[in-house]
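Everything below concerns the one structure shown next.
The values are calculated or read from the model by the stated rules, or taken from the named source; none is laboratory data. The structure displayed is predicted, hence computed values, not measured ones. Cβ sites come from the backbone with ideal geometry, for glycine too, and all protein chains shown count toward neighbours. Ligands, DNA and RNA are stripped out before the accessible areas are found, and what is left, the full protein with its side chains, is counted by its heavy atoms. Shrake-Rupley method; radii C 1.70, N 1.55, O 1.52, S 1.80 Å.
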Amino acid sequence: MAQTIAKNLPTVETDTKYDVELHNVFKVYNGETAVRGIDLGIRQGEFFSILGPSGCGKTTTLRLIAGFEEPSAGEVLVRGKSMVGVPPYRRPVNTVFQSYALFGHLTVWDNIAFGLRIKQKSKSDIQRLVGEALHLVKMDSFARRYPAQLSGGQQQRIALARALVNQPTVVLLDEPLGALDLKLRKEMQVELSTLHKELGVTFVMVTHDQEEALSLSDRIAVMNEGRVEQIGTPSEIYDFPKTPFVADFIGETNLFEGYVESVDAGLMKVTTQQGLSILVKPTAACNGSTSDPVVVSVRPEKIQVTLDAPGSRINCFEGRLIHTMFLGTHVHYVVQLLSGDRVTVMQPSHVNGSVSAEAPLYIHWAATDGLPLFTQPPSH
Amino acid sequence: MATSAPLPPVPGAHSSTDTVAAKLKRKLVSLIQPTVLLGPAGIWLFLLLVVPTLMILELSLIPGFRPGEPAGAYGLGNYTKIFELIDGQPIYLWVIARSVLFSVGSMLICLFLGFPVAYWIAIMAPKRWQNLLLVSFVLPLWTSSLLRSYAWITILRPTGVLNSLLGVFNLPPVDILNTQTAVMIGLAYNYLPYMVLILYSSLEKLDQRLLEAASDLGATPQQGFWKVTVPQTLPGIAAGCLLVFITNLGDFVVPELLGGASSMTMARLVYNQFLGATRNWGFGSGLSMVLILGVSIAIALLLKYGDQKAEDF
Amino acid sequence: MPPVHPSDSRFSGRSPRLSASRRRFLQLSGAALSGAVLTNCARNIGSGSTDASPASPASSSGGGDNTLHVYSWSAYIDDDLLKSFEQETGIKVVADIYDSNETMLAKIQAGGGKQYSIIYPSDYMVGQMAELNLLSPIDKERVPGYSDLLAQWKSPSYDVDNKDSIPYAWGTTGLVYNTEVLTKPVTDWSYLWDNKKQLSGKMTLLNDVREVMGFTLKSLGFSNSSKDPKQIEAAYKKLAQLKPAISSFTTDGWRDQIVVGDLLLSHAYSVDGIDAMASNPKLQYVIPSSGATVWTDTIVIPKAAPNVDAAYKWIAYTINPETAATVLARLKFATPNRKTLELLPKELRENPALIPPDAVLKKCEVLANVDTATDLYDRYWTQLTSG
């Protein structure tokens, strides 16, 4: 096992072999099912994020990989080897904990050397590796400090160094930046990304911050209520969400619930519960037939606002402006349609500088800008 | 008229006197506050701890002082007497050594019996049972320590409970009563609940994630225990040991009841000097000062050592 | 009473030795543990019948006629006695108890005992208190039945002519042993040395320097209160020979063990020894023939007594033969009063363990003050119990 780790660091394999696989994994705690049948394959060397709201089972999934939890059903594999019955201390993975979990009774140096000493590395190896790890996280001058004497960001770096120094096959990061303030978080995101590129080690990160996931990850698994809703690259997830949950959770969107009225000339006509008629282009996943319940997702930036009725009547609705938020480069409008629906619209700030609250206005979008989605989550 | 009438307030002057007054007031409050907060306990400690200790200190400097007799001149006779040889033996030093031996022995028994119990209650037992378990463990403290020591006579005597039990299993009887082992058992039994309580409160605060982190870094549960649990709870272990050690040092009932014919301890020796035949309060005070000094050194070491560790949490 | 040693002052500091000695040992140790030794005033007995609050120590020192503060061993005080006294005299009694003579003396010396008009010191303590000028002489005219005292207590060594004290109860310090195993009767102290092997690990001595050194001195033919360093050293050397056979030095811990047969012989106060005989008829308390310690508890009136009249009424009431016989029969103490003796139950009155024949009693001695020799005693004692 130690050899595997040692071998791993310099090798950046680009084939699609999986470092971590989860096969139909379930986890039940005291009668509550936290994870309901997950299938995942995490490729070697990729930066993989598990994204979801709190309570979705993402941390449990990470703990299943680390070995702090055993699956109630299903199997976890690391580098093709089944991890059933393998305790955490025999798994070739290392974790960066959410609260860092640094050892308060040890110095920074001893914290980082902890794993190497357990593995009974030689003194000179420990000296060299710890030094390198400290250098990697730019904490060379803090070796003699105790964790309590460090700031949150510094502790985060030490936690990272403590995991990386063991040259694991996979580094697990549990909300690694969650406790940092915004500015520091942004800085650390860049560093995390750089580190990942330099080391080529597989990173598996759990986060509830979609922006963080989108900006750092090679691929993302979006989880909800113990299931994986969608796995894909950030742009796939953003542009082509497969479920209403993913569409809603990733970025902002307007969801219109309804049913398919008719399919004609490659366009679906969807009638919503409030009586709006929406034309939308069917997709490979959602090319439903008449009377199928669907949700149409329209991103705010895809919607146009005009004061005069536009020429095209496709997906054009009249409404009143009820709220304006100026966001610098963009302006955020909330429009109440005559049907009663509230729609969020995002426009570059130079357009329509003055929309008054009283005057009637119109919103519209192209049929190709909406995305039809089935309401049920995809079955496995 | 201008002199008698109050001067109209000058805006600038007014505000400046105001700030001076406010500053004074703040300063006064900052002086009074600690006095008010610390006063009652301070007076209490001064009257009931500092003054009596000083009195004992004074008595200890009057060789052979006895109440009701004219006090002699000051001197160190009470202290040098501790090193006195009787029949070529430093008897009083032996007594001190024996007291320390009893205390350390009992302390170690408490630690080795108490740690697993505290560990189990704090970490492994179901949370909702913890309080009940603790209370049940502390329950023996509700009876007098003397009664508990008498109970040990019943258990350890030649035809007592222990030997009856051994007999049931066809094991040879043991003769423990009136030995140093019996004293350590009796002392340990009396102070075990305190040790468990202190260790529990220390273990209960232990961050379980640290053990996960250790395990994640390759440490087996045993390695995790020695490299994380023990160092993290070291202040608690030290505090528990010190408490047991100090209280044991002052216990003379258990050594007397369970220790047999050679069980003279420091506490009993002090007692004899004050309320026994000799009424040599001077020598008793000298012995007391040595005891106080020893205990103070132990506490000082704990504070220094405990502090170093504590600041890292 | 036999060889008189001027017991003018100083202490022989005996441990508790009343019939309720176990209870008192519990109190003693409890008090010592809680650090309250010097100010021990364990409880007010009979507070139900006597309202102590209006007559607080300070106010009663002026001499309120209706309240009497008594400072006593716990055994001598019970609710019935207090109630009947109050009914007869109309005087309320507030009783505090102590657990050792030294505790009592410390409290009185520290000025915490100004309210007491009656105290119950033991023999040697009477001498000591008199020397410290703490006692007021007893007016024999006001003590009815004084003439009924047995000859031995008319002028005891600790208080010539009973100038400052009235003897109330007495007992001895001897040996209690298991007659079933030790079939040959134990008659003298020498038995311990002669049968060292058989007694090894099955014998206890009192945890009291003067009692233990005292009987060893006796066995050597010396006074139990010798001040001669050579004699004391000889006694220590003799004891050192016995030491390996001694199971422990204990005032009270021997009782259960001797009753169940784990111990064969114990050095004991007569009250405890007679009490143990009741628990196990095979036990026998003996007063060794070369003489034992005899001890006496007395009643005194302190110099500072605020209510002397009530104090004399209390003395008259408690030494009244009928009252005293009731109390002492319950406690299994011997009485120094001829009329009280006649009223004791026959099995007590004729029990040689409680009241030895004159020939034996003549050889018994009070533990007297040994002055500066106390340090020597204490040093040997420390050596003995730590060696």
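Note on the stretch A:35-74: among residues that are within 26 Å of residue B:210 (Cα to Cα) and of a type in the set (Asp, Glu), the one that is most open to solvent (accessible area, probe 1.4 Å) is A:70. Considering the stretch C:362-378, the residues that are part of a helix (DSSP H, G or I) and surrounded by fewer than 20 Cβ atoms within 10 Å (Cβ to Cβ) include one that is farthest from the other protein chains (Cβ to nearest Cβ), namely C:362. Of the helices (runs of 4 or more DSSP H) contained entirely in the stretch C:86-198, those carrying at least 2 residues that are over 24 Å from residue B:278 (Cβ atoms) fall at C:190-194.
In the stretch A:228-259, the qualifying residues are those that are closer than 17 Å to residue A:281 by Cα and of a type in the set (Phe, Trp, Tyr), and the one that is surrounded by the most Cβ atoms within 10 Å (Cβ to Cβ) is A:256.
Here is a yes/no grid of residues against (1) open to solvent by 10 Å² or more (accessible area, probe 1.4 Å); (2) in contact (Cβ under 8 Å) with a residue 60 or more places away in the chain; (3) farther than 17 Å from residue C:174 by Cα:
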site: C:220; (1), (2), (3): yes, no, no
site: C:224; (1), (2), (3): no, yes, no
site: C:232; (1), (2), (3): no, yes, yes
site: C:240; (1), (2), (3): yes, yes, yes
site: C:254; (1), (2), (3): no, no, no
site: C:258; (1), (2), (3): no, yes, no
site: C:261; (1), (2), (3): yes, yes, yes
site: C:285; (1), (2), (3): no, yes, no
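Just for the stretch A:281-297: of the residues that are of a type outside the set (Ser, Thr, Tyr) and touching a helix residue (DSSP H, G or I) at 6+ places or on another chain (Cβ under 6 Å), which one is least open to solvent (accessible area, probe 1.4 Å)? Of everything passing the filter in the stretch A:281-297, A:295 is least open to solvent (accessible area, probe 1.4 Å). The residue that is nearest to the other protein chains (Cβ to nearest Cβ), counting only those in the stretch B:191-207 that are outside any loop (DSSP other than H, G, I, E, B) and more than 17 Å from residue B:125 (Cβ to Cβ), is B:191.
Here's a check for you: in the stretch B:43-57, which residue that is more than 13 Å from every other protein chain (Cβ to nearest Cβ) and over 15 Å from residue B:287 (Cβ atoms) is least open to solvent (accessible area, probe 1.4 Å)? Among those that are more than 13 Å from every other protein chain (Cβ to nearest Cβ) and over 15 Å from residue B:287 (Cβ atoms), it is B:51. Under the condition of being within 11 Å of another protein chain (Cβ to nearest Cβ) and open to solvent by less than 30 Å² (accessible area, probe 1.4 Å), the residues counted in the stretch B:146-156 number 5. In the stretch B:29-42, the residue that is farthest from residue B:293 (Cα to Cα) out of those that are open to solvent by less than 100 Å² (accessible area, probe 1.4 Å) and of a type outside the set (Gly, Ala, Ser) is B:29. In the stretch C:358-374, the residues that are closer than 16 Å to residue C:214 by Cβ reach residues that are assigned to a helix (DSSP H, G or I) and among the hydroxyl-bearing types (Ser, Thr, Tyr) with C-beta atoms within less than 7 angstrom, at least six apart or across chains, in these pairs: C:367/C:124; C:368/C:124; C:369/C:124; C:370/C:377.
The set of residues in the stretch A:138-172 being in contact with an Asp or Glu (Cβ under 6 Å, 6 or more places away or on another chain) and open to solvent by 10 Å² or more (accessible area, probe 1.4 Å) consists of A:146, A:148. Of the residues examined, residue B:247 is not one that is among the hydroxyl-bearing types (Ser, Thr, Tyr) and either under 30 Å from residue A:99 (Cβ atoms) or surrounded by fewer than 17 Cβ atoms within 10 Å (Cβ to Cβ) (or both).
Residues of the stretch A:111-136 that are of a type outside the set (S, T, N, Q) and surrounded by 21 or more Cβ atoms within 10 Å (Cβ to Cβ): A:112, A:113, A:114, A:115, A:116, A:130, A:133, A:134. Candidates C:110, C:130: the one that is more than 22 Å from residue C:296 (Cα to Cα), open to solvent by 10 Å² or more (accessible area, probe 1.4 Å) and within 14 Å of chain B (Cβ to nearest Cβ) is C:110. One residue alone among B:61, B:113, B:134 is under 30 Å from residue B:202 (Cβ atoms) and open to solvent by 40 Å² or more (accessible area, probe 1.4 Å), and that residue is B:113. Listed conditions (1) within 28 Å of residue C:375 (Cβ to Cβ); (2) in contact with a Lys or Arg (Cβ under 9 Å, 6 or more places away or on another chain); (3) touching a residue at least 60 places away in the same chain (Cβ under 8 Å) are all met by residue C:164, apart from (2). Filtering the stretch B:64-106 to residues that are open to solvent by less than 30 Å² (accessible area, probe 1.4 Å) and more than 13 Å from chain C (Cβ to nearest Cβ) leaves B:75, B:103, B:105, B:106. Of everything in the stretch C:242-252 that is touching a residue at least 60 places away in the same chain (Cβ under 8 Å) and under 17 Å from residue C:381 (Cβ atoms), the residue that is farthest from the other protein chains (Cβ to nearest Cβ) is C:251.
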